[in-house]
Amino acid sequence: MGIKERKLREKKLRYDMIMAAAKKVFLSKGFFRTTIEQIANEAEISPGTLYLYFNNKEELHTLLSFEILKRVTREIVAMNRQQLSPEEKLYDLKKIFIKIYESDPMLLINLFHMQSGDSLKNISEQIIDDIKMTSSQSLGVMASIIEEGVNNGVFMERHPVAVADIIWSTYSGVVLWVNSKRLLNNEKDFVKQTLDTAFEIIVKGLKM
């Protein structure tokens with residue numbers, strides 16, 4: 001391995017180490033109580049070294065959320081390549097949503113807060129463009145599933161992009177709302193059951 005390749009690998013390892021440390025600190029302290037110094041301390045580096053990789057705390061937080069958006073998108077794209085009916089794809093989409101939520105609920109919640117809030121103001125244009133491109137890709141796949149169903153006479157004539165927006169909004173709304181209820185009332189997590197009901201309504205509504 002040459003010097004250039006070794007330096008690139010070391011940089012990637014340091015980047016991953018910082019991301020892992022940031023995730024741990026954000027989850028334990030929350031966004032507002034977390035400081036760059038705490039993340040650097042957890043990663044066992046100086047704050048100055050951390051700033052070589054990230055501009056600010058907001059960027060770190062956004063990139064953590066972006067990682068889960070990229071994972072959702074990869075899984076949706078892979079699912080869409082399978083030989084399934086549009087209806088089967090929608091139910092598999094629900095399974096992906098539930099699996100992603102159960103694997104890392106807090107990062108998913110952070111993603112939805114990021115998309116609905118003003119946390120992107122302190123983020124570079126490049127990162128914002130990457131987020132937009134990834135979001136468009138996942139929504140595009142969902143829209144193509146609806147369009148396929150309409151063309152096959154399985155679903156009612158509805159604008160595919162509008163339906164894709166409704167599906168994603170339903171996902172984010174259910175996760176945020178059920179989580180807020182759970183935090184306020186110390187209730188059991190009902191995200192899976194609520195998404196089951198939501199997708200049943202969506203699929204049946206498209207077939208009416």
Worksheet item: Given 0.36 nm per residue, what is the gain on full extension from Asn152 to Glu200 after removing their alpha carbon distance, in nm?
Response: 15.3 nm
Practice prompt. Treating the angle as unsigned and between 0 and 90°, give the value, to the nearest 10°, between the Cα long axis of helix 160-185 and the longest Cα principal axis of the chain.
Written response: 60
Practice prompt. Mind putting together the pair-distance distribution for segment 1-123? All Cα pairs, 10 Å bins, whole percent per bin, short to long.
Written response: 12, 35, 29, 18, 6, 0
Item to complete: For Met208 and Glu58, calculate 0.36 nm times their separation in residues minus their Cα-Cα distance, and state this gained length in nm to one decimal.
Response: 49.6 nm
Response to the item:
Computed Rg/Rh for segment 67-127 (Cα atoms; Rh = Kirkwood radius) stands at 1.07
Practice prompt. Return the distance in nm (one decimal) between the two label points of a simple spin-label model at Ile128 and Glu37, each offset 7 Å from Cα along Cα→Cβ.
Written response: 3.1
Worksheet entry | Kirkwood hydrodynamic radius over Cα pairs of segment 111-208, then Stokes diffusion coefficient at 10 °C and 1.306 mPa s, in µm²/s | 103
Response to the item:
Farthest towards the positive end of the dipole of segment 143-198, among His159, Ser169, Gly149 and with Cβ unit charges of +1 on Lys and Arg and -1 on Asp and Glu, lies the Cα of Ser169
Discussion item. Could you work out the percent of alpha carbon pairs in segment 1-54 separated by over 13 Å, rounded to a whole number?
Written reply: 58
Worksheet item: What number, rounded to the nearest 500 deg cm²/dmol, is the helix-based mean residue ellipticity at 222 nm of the chain, given -39500 (n - 2.57) per DSSP H run of at least four residues and division by all its residues?
Response: -26500 deg cm²/dmol
Practice prompt. Please get the size of the charge dipole for segment 56-207, origin at its Cα centre, with Cβ charges of +1 on Lys and Arg and -1 on Asp and Glu, quoted in debye to the nearest 20.
Written response: 320
Worksheet item: Which value in nm describes the separation of the simple spin-label points at Arg182 and Ile3, placed 7 Å from the Cα toward the beta carbon?
Response: 5.2
Worksheet item: Full extension from Lys12 to Ala162: what is 0.36 nm times the residue separation minus their Cα-Cα distance, to one decimal in nm?
Response: 50.1 nm
Worksheet item: In whole angstrom, how far apart do the alpha carbon centroids of segment 158-208 and segment 1-51 sit?
Response: 34
Practice prompt. Go through 72-84, 133-145 and give me the packing order, highest mean Cβ count within 10 Å leading.
Written response: 133-145, 72-84
Item to complete: Report the residues of segment 20-43 in range of a label on Lys121: point 7 Å along Cα→C-beta, backbone N strictly under 19 Å from it.
Response: 31-34
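Here, each number is a calculation from the coordinates, and none is a lab measurement. What you see is a predicted model, and the numbers here were worked out from it, not measured in a lab. A quick note on method: Cβ atoms are made from the backbone with ideal geometry, for glycine too, and the neighbour counts reach across all protein chains shown.
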